[in-house]
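Participant: Would you mind keeping the following structure in view while I ask a few things?
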Amino acid sequence: MKSNTAKKSIWDNRLLWAAISLVSSVLMWVYVTTTIGDVHETEYEGVQVVFRGEDTLREKEGLVISNASTNTVTVKLRANRRELSKLSSSNMHAVVDVSKITATDKGNYTLTFTMEYPVGTDSNAIDVVSSFPQSVSFYVDKASSKSIEVKGEFVGSVVEGFAAGKLEFNPDTIVVTGPQNELDQIAYAWVSIPREDVDKTLMFDSEFVLMDSEGNTLDLPNVQSDSRTVSVTLPITSTKEVPLTVDLVAGAGATDENVKITVDPATIIIAGDAKTLEGINKISIGTVDLASFAVTYEDKFSVVLDNDITNVTGITEAKVTISVIGLETKRFSVTNITAINVPSGRRVEFETKELSVTLRGSSDVINAVKSNNIRAVVDLSDVGATTGAIELTAKIYVDGYTGVGAIGEYPLFVEVY
């Protein structure tokens with residue numbers, strides 16, 4: 001009996017019921033404010049614009065989108081706190097549906113967008129209050145392709161004693177595809193290599209950027225390439241400074257001991273394989289016959305290197321000056337003219353009776369020589385069956401003296417019968 005009385009007193013306790021009522025009211029308020037009531041408005045900037053069906057448009061219709069009026073939009077949304085808490089500018093998209101566009105419909109478009117919310121969001125509980133802009137304009141065109149050259153530059157440094165060669169690319173051209181108005185802006189693909197203190201050949205894959213004809217980087221999101229990277233080789237070779245020289249043919253009493261040679265520039269820097277460079281101590285750019293001039297010789301020679309050697313300096317021509325020192329010249333009249341190797345049964349008559357010959361040698365020798373010590377000899381070995389007047393070059397001999405010789409060439413005429 002007492003137990004029943006106790007239970008009845010508990011349920012008849014007004015304070016208990018008041019507490020239960022208060023808790024229920026709070027729970028009901030929380031439920032209503034988070035699901036039904038307490039609606040708020042929030043503005044989101046930088047919401048990404050997405051073209052739904054763009055890949056299908058490219059693959060099936062061969063069309064591409066370009067010149068979009070904007071890549072992002074600003075939207076103001078109305079919803080309860082719980083739904084708004086799930087949203088951010090980065091997890092929503094402004095979707096423009098281009099799936100119904102066909103190849104016959106290329107041109108300018110202005111379409112509105114719909115909002116796409118993240119998974120788990122009740123899109124029916126969210127209203128778009130306003131948006132800026134309210135639509136997106138763009139151009140749909142037939143996709144085109146073109147091949148562009150890959151270029152590049154090494155902008156770093158090499159260790160002393162080494163040199164960087166010309167960059168090599170594989171492939172050296174790439175194919176880009178996109179709207180024609182964007183392709184027209186592209187001049188080439190560019191690779192920049194900013195490495196420091198390089199001392200060996202580099203080989204690696206590198207991304208590239210698209211450039212216009214003025215060297216400006218292009219941002220063309222609608223252009224695709226057949227490759228994202230290219231293989232790059234940067235040859236690194238050893239370098240060496242070597243002198244430029246000329247080879248001398250002794251003559252007319254002069255040898256390399258009687259001349260002063262000046263080459264301008266005197267040296268160049270070459271690059272190549274280290275072992276190859278070890279065997280190169282000079283570079284001869286030509287040959288000079290000392291009998292071809294009397295006192296001073298001056299000429300320009302091309303600097304030509306083997307294919308496996310690179311001219312780092314870049315100088316392609318050198319000036320050579322040669323001066324004869326310590327020798328004298330003297331002119332003689334020579335009448336002793338003879339012929340050798342006269343064909344059998346043939347007869348020779350000299351139309352040239354006298355030659356003016358210039359000799360060069362040391363002063364004591366040149367002053368001792370007389371005209372009767374000098375003879376001019378022509379060789380008829382190559383005359384063959386030729387008859388009549390023939391011009392030949394005589395070789396000058398100085399009998400009885402050494403260290404003296406004739407300068408230049410001495411043509412004369414003979415009659416062959």
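Participant: Suppose R0 equals 60 Å. What FRET efficiency, 1/(1 + (r/R0)^6) with r the Cβ-Cβ distance, do Gln224 and Val23 give to the nearest 0.05?
Facilitator: Working: r = 62 Å, r/R0 = 1.03.
FRET efficiency, Gln224 to Val23: 0.45.
Participant: Right, next: Using the charge dipole of the stretch 328-416 (Lys, Arg: +1 at Cβ; Asp, Glu: -1 at Cβ; taken about the Cα centre), state which of Asn372, Ile337, Ala385 has its Cα farthest towards the positive end.
Facilitator: Asn372
Participant: Taking neighbour counts of Cβ atoms within 10 Å as a proxy for exposure, in what order, fewest first, do His93, His40 appear?
Facilitator: In order of increasing Cβ crowding within 10 Å: His40, His93.
Participant: Moving on to the next point. Hey, can you grab everything whose amide H is under 5 Å from the amide H of Phe332? Only 5+ residues off in sequence or another chain; H modelled, so Pro and N-termini drop out.
Facilitator: Val357, Thr358, Leu359
Participant: By how many nm would the segment from Tyr417 to Glu349 grow when fully extended, if each residue of separation counts as 0.36 nm and the alpha-carbon distance is taken off?
Facilitator: Here the segment from Tyr417 to Glu349 would lengthen by 23.6 nm.
Participant: While we're looking at this one, here's another question. Report, in listed order, any pair from Lys370/Lys395; Lys330/Lys370; Lys60/Lys106; Lys76/Lys100; Lys166/Lys240 with a Cα-Cα distance greater than 20 Å.
Facilitator: Check vs 20 Å cut-off fails for Lys76/Lys100.
Participant: Distance from the Cα centre of the stretch 110-148 to that of the stretch 166-199, in angstrom?
Facilitator: 32
Participant: Report, in whole Å, the centroid distance computed from the Cα atoms of the stretch 367-383 and the stretch 46-65.
Facilitator: 94
Participant: Write down, largest first, the equivalent ellipsoid semi-axes of the chain in whole Å, where each equals the square root of 5 times an eigenvalue of the alpha-carbon gyration tensor.
Facilitator: Semi-axes, largest first: 102, 28, 16 Å.
Participant: Arrange the following residues from fewest to most other Cβ atoms within 10 Å of their Cβ: Arg228, Arg52.
Facilitator: Going from least to most buried by this count: Arg228, Arg52.
Participant: Can you work out the Karplus-derived ³J(HN,Hα) for every residue in the stretch 91-104? Use 6.51 cos²θ - 1.76 cosθ + 1.60 with θ = phi - 60°, whole Hz, and x for glycine or proline.
Facilitator: 10, 10, 9, 9, 9, 9, 8, 10, 5, 8, 6, 10, 4, 7
Participant: If you don't mind, another one. Say each of Gln134 and Asn367 gets a label point 7 Å from the Cα, pointing the same way as Cα to Cβ; how far apart are those two points in nm?
Facilitator: 11.6
Participant: Continuing with the same structure: Measuring from label point to label point, each 7 Å out along Cα→Cβ, what is the Ser99 to Lys76 span in nm?
Facilitator: 3.2
Participant: Between Asp184 and Met203, how many nm apart are label points set 7 Å from Cα along the C-beta direction?
Facilitator: Rounded to a tenth, the inter-label distance reads 4.2 nm.
Participant: Now, a different point. Once amide H atoms are built 1.01 Å from N in the peptide plane, which residues 5 or more positions from Gly405, or in another chain, come under 5 Å H to H?
Facilitator: Hits under the 5 Å cutoff: Gly253, Arg360.
Participant: Between Val155 and Glu241, what's the calculated FRET efficiency when r is the beta-carbon distance and R0 is 25 Å? Round to 0.05.
Facilitator: 0.50
Participant: Arrange the following residues from fewest to most other Cβ atoms within 10 Å of their Cβ: Lys330, Lys100. Before the final figure, lay out the partial values.
Facilitator: Values: Lys330 14, Lys100 8.
Result, fewest neighbours first: Lys100, Lys330.
Participant: Taking amide H positions as placed 1.01 Å from N in the peptide plane, with prolines and chain starts having none, which residues 5 or more places from Ile337, or on another chain, fall under 5 Å of its amide H?
Facilitator: Hits under the 5 Å cutoff: Ala376.
Participant: If I stretch the segment between Asn124 and Asp379 completely, what's the gain in nm (0.36 nm per residue apart, minus their alpha carbon distance), one decimal?
Facilitator: Going from the current span to full extension adds 80.4 nm.
Participant: Using 1/(1 + (r/R0)^6) with R0 = 30 angstrom and r between the beta carbons of Arg52 and Ser144, what's the FRET efficiency to the nearest 0.05?
Facilitator: Rounded to the nearest 0.05, the efficiency is 0.80.
Participant: Kindly provide the helix-only [θ] at 222 nm of the chain, computed as the sum of -39,500 (n - 2.57) over DSSP H runs of four or more divided by all residues, to the nearest 500 deg cm²/dmol?
Facilitator: -3500 deg cm²/dmol
Participant: Using each residue's phi in the stretch 126-142, evaluate 6.51 cos²θ - 1.76 cosθ + 1.60 at θ = phi - 60° and report the 3J(HN,Hα) Karplus result to the nearest Hz, with x for Gly and Pro.
Facilitator: Couplings: 10, 10, 8, 6, 7, 8, 9, x, 8, 8, 10, 9, 7, 10, 10, 9, 5 Hz.
Participant: Shifting gears a bit: Whole-Hz Karplus ³J(HN,Hα) for the stretch 214-224, in order, using 6.51 cos²θ - 1.76 cosθ + 1.60 and θ = phi - 60°, x for Gly and Pro?
Facilitator: So the Karplus estimates, Gly and Pro as x, are 9, x, 8, 6, 9, 10, 10, x, 8, 9, 10 Hz.
Computed from the coordinates by the stated procedures, all read-outs in this text should not be read as laboratory data. Remember, predicted model here, so these are calculated numbers, not experimental data. With ideal geometry, Cβ positions are generated from the backbone for all residues, glycine too; neighbour counts draw on all protein chains shown.
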